[in-house]
Structures are given as C-alpha cells and as structure tokens.
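I have placed the structure first, in the form of structure tokens, so that the comments after it can refer back to it.
The values are calculated or read from the model by the stated rules, or taken from the named source; none is laboratory data. Note that the structure is a prediction, hence the values are computed from the model and not measured. Glycine also receives a Cβ, built like all others from the backbone with ideal geometry; neighbour counts cover every protein chain displayed.
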Amino acid sequence: MSKLCTILLLVLTTFTVPVCAQKAAEAKGEPIVVNQDTLFNLYAGQGLFDTKERADIVSKRINYVVNKLDFNADSLKVKNDSNLSVIAYKSQTLLALTDKDAQFSELNRQELAASYLDILKKKLGIAFESNNIKDLIINVLEAVAVIILLFLLIWGVNKGFRIIRLRLLQNWENRMAKLAQKGAPFRYARQLLPFLNNLIKAARIFIVILLVYIALPVLFMIFPWTKPIANKLLSYVVTPVTDILLAFLHYIPNMLTIAVIYIVTRYIIKLVKFISDEIENGSFTIHNFYPEWALPTYNIIRVLLYAFMFVVIFPYLPGSESKVFQGVTVFVGVLFSFGSSSAISNMVAGIVLTYMRAFKIGDRIQAGNVIGDVFEKNLLLTRIRTIKNEDITIPNSTILNGYTINYTSSSKSLGLILHTTITIGYDAPWQTIHELMTNAALATDGVLHEPKPFVLQTALNDFNVSYQVNAYTSQPHKMAAIYSELHKNIQNRFNEAGVEIMSPHFTALRDGNNIQIPEDYIGKDYRAPGFIFEKDK
C-alpha cells in the first residue's frame, strides 16, 4: 500500500510541475513597468479588468508612489489573509494577488507575494541605480553645480543684508540728526537701533540655514544611493506642511460655521446697541426703564451674548476634543474662579448700584468719608474727584456695603438744603437772630430765594442758644464756596447789628471784658465796662 502511494505522489508531482510551467508559458503575461524598467509580469485578470488593464493600473500606482519626494522602499509591506495577499505602500494598495495568480508559478500565493515584494524593494530601493561611468560623472557635475549655486546664493544673501544694514544705519543717523535739530528727544530711537540690527542678523541667518537645508536634499537626490536620505530630509518639511494644509482644508467647514455664528452675534449686538442709543437719547421710552439704564444694560447683554457665542463656538475650535485642551480649559477656569472672587463681587455690586440708581456720573456724593463728584463709573469701581482735585477709587462692593449720600439727585427739583449752626446768648431776641441769619443766607450767591431760607433753634445750651439756618440751592457742586460765603455773610450781618456770636462758649466774667465784635463795627464812643463792686450795707 505504501509503495502504491509513493508511486502516485511521484506521478502527480511529475505531471503538475510541467503543467504549471506550461500554463505560464502559454499565458500571455503583461509587464509591470516602472521608469521604463520591467519588474515582473501579471498573467491573470482580476474582477472587471483583463490582464493588460490590470497591469496598467498597477504600473500607474507604483509609478505614482515612486515619484513621491518622500518615497521610502522600506514602507512597502505585504498582508496575507485567507483570500488575498495585498502589497501596499503605507496605507495605499499597490497590488492584490489571488490564488489564480499563483497558478501561473511554482509558488503559492503567499510565497508569490513575498517574491514580488522583494523585487519591488530591491529595484525601487536603489532607484534603478545605474553603474554607467558617464552617469556617475554627470551626477558629480550636477552636485558641484548645486554647491556652487548654493555658495552664490549665500554670498548674495550676505551682500544684500549688508547693504540693507548700511542703508538702515545711514537713514537712521539722518533721522536722528533731524530730530536733534528740532530738539526732540531721541534716546529711545537709539535704543531701538540695536534691536533692529539684531533682527536683520537673525533674518539673514534664518535664510542661509533655509538655503542649506533645501540644497542638501537636492544634492542627495542626485545620487541614487543617497536618495533615502534626501527623502528623509524632505519629509521633515513636507510632512508637517502637508499635515497643516490638510488640517486647514478639513477645518474649512468649521471655520464657516464659526464665521456665521460670529456674524449673527455681531449683528444682534449692533441691534441691541441701536435700541440702547435710542432709549438713552429719549427717542422712545420703555415703561419703568430709565434712560441711564440703557448703556449698562447694553454692556451686560453684550457680555452675555459673547459668552453664549463662545460656548456655541467651542466645539468647533481646533483641538477642542483633545484631553489636553480640555484640561487646560478647566485649569484656567479654576484659576479664574479663585482669583477673581473679589472682582466678581465688585461686578455684581456695580450692576446692583446701576439699577438702584444710587448715583450717576457727574453727581456729587458722599461715600463713607469721601465727598466729591463722580467722574467714572464701571462694573468694578467708582472714581470720585474731591474739591481738592483728589481722585479717589472706591470698589463698588465697598460702596454697596456702606452708605451713600447723593447731593445732586434732588437739587434740581426740590433743592439741596445747606445748613450751618451758630450759638447766641440768651440776652439776644430770637426774632432778631432769625432775621439776621435769613438775610445772610439771602445775600449768599447760589442760595435760592424761593423756597425761602428758614431758621431752626436746635438746642438750648447752658450758656447760649443754637440757631441753625437752612438755605436751598440748586448748585451742589459749589457747596464748599456757598458755605464759605454764607459764613462770611453771617459774621457781617451779626457784627453790623452788634450781636455777639457766642461760639465757642464764654464762661469768663463779662464785667471788665471787651465786647466780642471787630473794632470796625464798634462805635467810637464805646468804652469797655469796668468791674462793678457792691458793698453790703
């Protein structure tokens, strides 16, 4: 039995090999030609393509890959599965072999694919190297020409930048001379010259390095055995640039989406701004919405709209899905939350103060111990200018947590009441005091005659009576000047009437003391009284 099996095996082997050889000889093979060199033949069609069409397609694929600047034969790989053996360059399929192709050779499909891969690597890896002496000489001459051209370019760049530096220095000196003649300070310009000079040097060095880097791949491309080095050098530049261009092209739809969102948001903000301006100018009104609220409300809406726009745009930003990008965003948000707590409290206080209508720009107010005119007001702080021209900055949260006196808000409608107090002895009739203080108030510039000033007796002290004069004014910004003139007029009126102002208190004996009135108001026949002594009988 074993002898019979052996005889049958020998017969089958003897018959099969000549049959395969006969099929390969009888079949008309179509060559795979790359750069006018035949690599191997294909003997079978595939799918809808006959043998010739299939060979043409494979040849075009291989030629396209080989002519790439970054081609590297080591990137050719073969992948075998149950039905196909695929030879590919990176992710691009070059040739797919089936069992039908293996019928025209003495190898199985996997071995045939490995054989074709070896042929591709050997022939394409050396870039069809020629051993011709004439070609070698031509290559050397080309390399020498490239080197000479490189040196000429570097020489031209150096000379060009030298001329630029000389002209810059010359123009700079002329400019400095003109500035000196006009008496203008130009020390900052002399400090700027070294910076520009270093900037020109850096540009020259960058261009020279770029020329050398470009020349090296050109040199290596001349010789077949150095072509992989050239491809490697070019890949360092071509690959990033290609990736950037492809990323930019893929990002164009997102850019259009972002542009549309921004434009829509921008026009909505313009509409809100238009409405705000019309309300502020009084062109139209909204019930219970004051004109001074228009601008702050617009600013708040604008911030909210931009924040909403950023939230909508965020998923379309490049790298928004990256864990690193998201981590940095969270980190920045945490820093902002912890670092801006006081700022946020001031912003909230600013919004509250705006809608409380506690004061507006131009009002004279008292915030704590500070009295002055408001000349700046924003979400974070309020700036007040005192009558001494001192600019004081107060955080809005401080103003909200304290008290604020507004001297301007009712001055136009009701009139601001300015008041001051003096003390007069009990011997003076109160009717006379009221008249003198009222006349002094009416004689003061800035005091309104209607409503008429009035006097209040605020206290009955141990030695005198406290009289408070109250006068209306519509000019709160002149409070200090009005108070000063009011005090002068009170002194003049009382001195003219011969009434002593008992402030501060007098506790000494009156006998023998001069009257407390300036000498200009005392009559010529006035004599200081002497001390009175009475003797008990």
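So Arg383 passes all but one of these: (1) charged (D, E, K, R); (2) at pLDDT 90 or above; (3) part of a loop (DSSP other than H, G, I, E, B). Which condition number does it fail?
(3)
Working only within segment 120-134, note down all residues that are surrounded by 13 or more Cβ atoms within 10 Å (Cβ to Cβ) and either modelled with pLDDT of 85 or more or outside any loop (DSSP other than H, G, I, E, B) (or both).
Residues satisfying the conditions are Leu120, Lys121, Lys123, Leu124, Gly125.
Table: residues versus (1) free of Cβ contacts under 8 Å to residues at least 60 places away in the same chain; (2) of a type outside the set (Val, Ile, Thr); (3) surrounded by 13 or more Cβ atoms within 10 Å (Cβ to Cβ); (4) outside the structural domain of Ser474 (by TED's automatic domain parsing).
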residue: Thr423; (1), (2), (3), (4): no, no, yes, no
residue: Thr432; (1), (2), (3), (4): no, no, yes, no
residue: Glu435; (1), (2), (3), (4): yes, yes, yes, no
residue: Leu442; (1), (2), (3), (4): yes, yes, yes, no
residue: Asp445; (1), (2), (3), (4): yes, yes, no, no
residue: Leu448; (1), (2), (3), (4): yes, yes, yes, no
residue: Pro451; (1), (2), (3), (4): yes, yes, no, no
residue: Val455; (1), (2), (3), (4): yes, no, yes, no
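Mind counting the residues in segment 61-100 that are surrounded by fewer than 18 Cβ atoms within 10 Å (Cβ to Cβ), closer than 26 Å to Phe220 by Cβ and β-branched (Val, Ile, Thr)?
Within segment 61-100, residues that are surrounded by fewer than 18 Cβ atoms within 10 Å (Cβ to Cβ), closer than 26 Å to Phe220 by Cβ and β-branched (Val, Ile, Thr) number 1.
Could you list, in sequence order, the residues of segment 257-279 that are at pLDDT below 90 and surrounded by fewer than 16 Cβ atoms within 10 Å (Cβ to Cβ)?
Asp277, Glu278
Within segment 205-218, can one find any residue that is aliphatic (A, V, I, L, M), part of a helix (DSSP H, G or I) and touching a Phe, Trp or Tyr at 6+ places or on another chain (Cβ under 6 Å)? Steps first, please.
Restricting attention to segment 205-218, the residues satisfying the condition of being aliphatic (A, V, I, L, M) are 205, 207-212, 214-216, 218.
Narrowing the set further to residues that are part of a helix (DSSP H, G or I) leaves 205, 207-212, 214-216, 218.
Applying the additional criterion that residues be touching a Phe, Trp or Tyr at 6+ places or on another chain (Cβ under 6 Å) yields none.
The answer is no, given that none of the residues of segment 205-218 is aliphatic (A, V, I, L, M), part of a helix (DSSP H, G or I) and touching a Phe, Trp or Tyr at 6+ places or on another chain (Cβ under 6 Å).
Give all pairs with beta carbons closer than 6 Å in which a residue from segment 168-179 that is under 19 Å from Ile200 (Cα atoms) meets a residue that is modelled with pLDDT under 75; count only pairs at least 6 apart in sequence or on separate chains.
Sorted first by the residue in segment 168-179, then by its partner, the pairs are Trp172/Leu193.
Just to be sure, is Val469 within 60 Å of the chain's Cα centre (by Cα), surrounded by 13 or more Cβ atoms within 10 Å (Cβ to Cβ), among the β-branched types (Val, Ile, Thr) and in a strand (DSSP E or B)? Don't jump to the end; show me each part of the working.
Working: within 60 Å of the chain's Cα centre (by Cα): yes; surrounded by 13 or more Cβ atoms within 10 Å (Cβ to Cβ): yes; among the β-branched types (Val, Ile, Thr): yes; in a strand (DSSP E or B): yes.
It is true that Val469 is within 60 Å of the chain's Cα centre (by Cα), surrounded by 13 or more Cβ atoms within 10 Å (Cβ to Cβ), among the β-branched types (Val, Ile, Thr) and in a strand (DSSP E or B).
Which of (1) within 18 Å of the chain's Cα centre (by Cα); (2) at pLDDT 80 or above; (3) surrounded by 13 or more Cβ atoms within 10 Å (Cβ to Cβ) is the odd one out, the single condition Val311 does not satisfy?
If we test Val311 against (1) within 18 Å of the chain's Cα centre (by Cα); (2) at pLDDT 80 or above; (3) surrounded by 13 or more Cβ atoms within 10 Å (Cβ to Cβ), just (3) comes out false.
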